[in-house]
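Structure first, commentary second.
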Amino acid sequence: MKIALGCDHIVTDTKMKISEHLKDLGHEVIDVGTYDFHRTHYPIFGRLIAENVVSGKADLGIALCGTGVGISASADKVPGTRVVLVGDVLTARYAKKELNANIIAFGGRILGQNLIHNIVDVFLETEYEPTEANKQLIEKIDNSIEVSPEIAENDHIFDEENAKWARGEYHD
């Protein structure tokens, strides 16, 4: 599998350990940087990861910065991505299995190296299980990228969803 991997300068050492781990597992790593500890900005690398995934150059992406917040927000701006900021194995599994996430992100200064490897392994091993409900959720997520002033000003935007809830159509 080809995996796009990137980070900012704060967690370059962690990224290099992930890269070695992925290579040890037989994956091809597309390392988009950064490669040292000179100050840089995570939006550059979040976008590079996302562009590699969306273009098909990479099958999946892994993004990290100090907290994971900035780089995940940056990568998620590229249409066609489903980026998930994770801090545990269960979230990584759910994101891939139910929502077909194609990029995971995490805080390289928040999580320990062994946990990071465990999360990466579970994310890569988990298969997306398409169901009608999952497909509908993904479609809603993918369509939420469209910006419309009419939506922002619509006080009744969730009336249909609330009516379905009241009728018991959601069984979460």
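Points to keep in mind about this one:
- On Cα atoms only, tilt of 132-143 relative to the major axis of the chain in degrees: 80 degrees
- From the coordinates shown, Rg and Dmax of the Cα atoms in Å corresponds to which of [x] 17.4, 56; [y] 20.5, 61; [z] 15.2, 44: [x]
- Helical contribution to [θ] at 222 nm, DSSP H n ≥ 4, -39,500 (n - 2.57), averaged over the chain, rounded to 500: -14000 deg cm²/dmol
- From phi via Karplus (6.51, -1.76, 1.60), per-residue ³J(HN,Hα) for the stretch 30-45 in Hz, x at Gly/Pro: 9, 8, 8, x, 7, 10, 8, 10, 6, 3, 8, 10, 4, x, 4, 7
- The C-alpha atoms of the chain define a longest principal axis, and helix 89-99 lies at about 50 degrees to it.
- Tyr35, Tyr128, ranked by accessible area, largest first (probe 1.4 Å): Tyr35, Tyr128
- Heavy-atom surface analysis with a 1.4 Å probe gives the stretch 1-156 a carbon and sulfur content of 53 percent of its accessible area.
- What the chain shows is 58 Å² of accessible area per residue, with the surface traced by a 1.4 Å probe over protein heavy atoms.
- Cross-link partners for Lys135 among the aspartates and glutamates, with Cα-Cα distance under 12 Å and sequence neighbours closer than 8 places in the same chain left out: Glu98.
- Scanning residues 5 or more positions from Thr81 or on other chains, none has an amide H under 5 Å from its amide H, with H placed 1.01 Å from N in the peptide plane.
- In Hz, Karplus ³J(HN,Hα) per residue of the stretch 49-57 (6.51, -1.76, 1.60; θ = phi - 60°; x = Gly, Pro): 4, 4, 5, 5, 6, 5, 6, x, 5
- For the stretch 79-148, alpha-carbon Rg over 2.2 N^0.38 Å: 1.19
The values are calculated or read from the model by the stated rules, or taken from the named source; none is laboratory data. All figures in this text were calculated on a predicted structure; none of them were measured in a lab. Quick note on the areas: whole protein, heavy atoms, side chains included, nothing else; ligands and nucleic acids left out. Shrake-Rupley method; radii C 1.70, N 1.55, O 1.52, S 1.80 Å.
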